[in-house]
Amino acid sequence: MRFLLDDEHRDFARSLDKMLTAAGPAKVARAWAAGDTAPGRAVWAKLAEAGVLALAVPEKHGGLGPLPVELAVAFEQLGRHAVPGPLVETVAAAALLDHLGDATLAADLLPGIAAGTTIASLRAPDSPYALDADAADTVLVTEGDTEGDTGGDTEGATLLLAAGAGPVQPSSDPARRLARPLGGTVLAQGPEVTAAAGHAAEVAAFAVAAQALGVGRTLLLETVEYVGGRTQFGVAIGTFQAVKHRLADTLIALEFAQPLVHAAALALASGDPDAGRAVAAAKVAACEATYTAARTALQLHGAVGYTDELDLSLWIRKARALRTAWGTPSACRTRVLAP
């Protein structure tokens, strides 16, 4: 099994990095957190032009995929630049609709997702809130049996299209705006919805893992640059052994998480029935590594690291939110160790 990216993947990553750098990611994230979604939607349109959203949609519905390896490359760059919006949830919604097998429903919603004209959100089964439900064009909600138990007399889960969203709730990451979906129209019901919701949750956890890996990379890079210029006792604090050890531990954690993310992508791409275990391993490794990077960045930046005015705070706070999004560390470990 090959975990290394090829030249085409690396070129794709570089093109996204260049595009997102030019967009001014910190300003976009701050505007989104304040309720101004226009800059974020402009970035969303550019991502659609680059084919990012089409990677999650089958070709028969105007997409290019599903292509999990390419999605891993894209979401790592989205994390590196702290791009706001329900990108993970849109990809998960696309996976749910594709896996559901309802041709009419897929034809109605998937082309818009691929083209970037439809921003979708999907409520996680363990949360009453949907990410950016107030800003999304389509909010999907699954209720009932979403744990994958399709045996026995169960009626399965229900898929609804929310009619609106309640007020935005505070979040540990201000650029992740949480709102409770309101009302809804039933779109589908039955064991097939349960299976599709389970698959969507795996895809969401995988995308979060890749996104978290990118967040961690930026946190480490910015911290290395800071300690190289910050002086104490006349020398850069980056020369202190304790600082070097913290940075090395962070780098090792991120490097060990990367192949697990790629392995999860390959498992999803091949249709491996045990892909959920690979995804859980990738998510817990990537999110814990990124959480380590956030703590390291906070401590090595000193008092300045606690300020909202510092752009790095956008990445620090995102690391905390992603750690529990679409699967807590304990839930992921339980999935990995399950017989």
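The values are calculated or read from the model by the stated rules, or taken from the named source; none is laboratory data. This is a predicted model, so every value here is computed, not measured. Counting neighbours? That spans all protein chains shown, and the Cβs are built from the backbone with ideal geometry, glycine included.
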Legend entry - Of all residues in the stretch 312-339 being hydrophobic (A, V, I, L, M, F, W, C), part of a helix (DSSP H, G or I) and under 16 Å from Asp173 (Cβ atoms), the one that is farthest from the chain's Cα centre (by Cα): Leu312
Inset, instruction - Sort out which residues of the stretch 63-86 are among the hydrophobic types (A, V, I, L, M, F, W, C) and in contact with a Pro (Cβ under 6 Å, 6 or more places away or on another chain), and write them in order of number. - result: Ala82
Inset, instruction - Select, from Ala319, Ala269, Ala331, the only residue that is modelled with pLDDT of 95 or more, closer than 30 Å to His199 by Cβ and in contact with a Pro (Cβ under 6 Å, 6 or more places away or on another chain). - result: Ala269
Inset, instruction - State yes or no: is Ala248 buried (at least 18 other Cβ atoms within 10 Å of the Cβ) and at pLDDT 95 or above? - result: no
Legend entry - Qualifying positions in the stretch 197-226 - in contact with a Leu (Cβ under 8 Å, 6 or more places away or on another chain), surrounded by fewer than 24 Cβ atoms within 10 Å (Cβ to Cβ) and either over 18 Å from Arg323 (Cβ atoms) or β-branched (Val, Ile, Thr) (or both): His199, Glu222, Val224, Tyr226
Legend entry - Selection from the stretch 167-182 of residues that are touching a residue at least 12 places away in the same chain (Cβ under 8 Å) and either within 21 Å of Leu100 (Cβ to Cβ) or not small (Gly, Ala, Ser) (or both): Pro167, Val168, Gln169, Asp173, Pro174, Arg176, Arg177, Leu178, Arg180, Pro181, Leu182
Inset, instruction - Tell me, please, whether a residue that is over 26 Å from Lys18 (Cα atoms) and within 17 Å of the chain's Cα centre (by Cα) can be found in the stretch 59-78. - result: no
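Do you know which residues across the stretch 293-311 are of a type in the set (A, V, I, L, M) and assigned to a loop (DSSP other than H, G, I, E, B)?
Narrowing the stretch 293-311 to residues of a type in the set (A, V, I, L, M): 293-294, 297-298, 300, 303-304, 310.
Of everything in the stretch 293-311, just one residue is of a type in the set (A, V, I, L, M) and assigned to a loop (DSSP other than H, G, I, E, B), namely Leu310.
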Inset, instruction - Search the stretch 314-339 for residues that are among the basic types (Lys, Arg) and pair each with any residue that is surrounded by fewer than 18 Cβ atoms within 10 Å (Cβ to Cβ) when their beta-carbon atoms are under 8 Å apart and the residues are at least 6 apart or on different chains. - result: Arg317/Ser172; Arg320/Ser172; Arg323/Pro329
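Among what's in the stretch 227-244 and is in a helix (DSSP H, G or I) and aliphatic (A, V, I, L, M), pick the residue that is surrounded by the most Cβ atoms within 10 Å (Cβ to Cβ).
So, considering only residues that are in a helix (DSSP H, G or I) and aliphatic (A, V, I, L, M), the one surrounded by the most Cβ atoms within 10 Å (Cβ to Cβ) is Val227.
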Inset, instruction - Kindly indicate whether Ala136 is buried (at least 19 other Cβ atoms within 10 Å of the Cβ), within 30 Å of Asp311 (Cα to Cα) and in contact (Cβ under 8 Å) with a residue 60 or more places away in the chain. - result: no
Inset, instruction - Look through the stretch 282-316, keep the residues that are of a type in the set (D, E, K, R) and at pLDDT 95 or above, and return whichever of them is farthest from Gly216 (Cα to Cα). - result: Asp311
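Here's the yes/no breakdown for (1) at pLDDT below 95; (2) part of a strand (DSSP E or B):
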{"site": "Gly85", "(1), (2)": "no, no"}
{"site": "Glu89", "(1), (2)": "no, no"}
{"site": "Thr117", "(1), (2)": "no, no"}
{"site": "Ser121", "(1), (2)": "no, yes"}
{"site": "Ala124", "(1), (2)": "yes, no"}
{"site": "Glu143", "(1), (2)": "yes, yes"}
Inset, instruction - Taking Val186 as the residue in question, decide whether it is within 23 Å of Asp102 (Cβ to Cβ), among the β-branched types (Val, Ile, Thr) and crowded, with 22+ Cβ neighbours inside 10 Å. - result: no
Inset, instruction - Spot the failing condition for Val284; the list is (1) surrounded by fewer than 24 Cβ atoms within 10 Å (Cβ to Cβ); (2) in a helix (DSSP H, G or I), and only one is missed. - result: (1)
Legend entry - the stretch 254-280, subset closer than 20 Å to Tyr291 by Cβ and of a type in the set (A, V, I, L, M, F, W, C), residue surrounded by the fewest Cβ atoms within 10 Å (Cβ to Cβ): Phe256
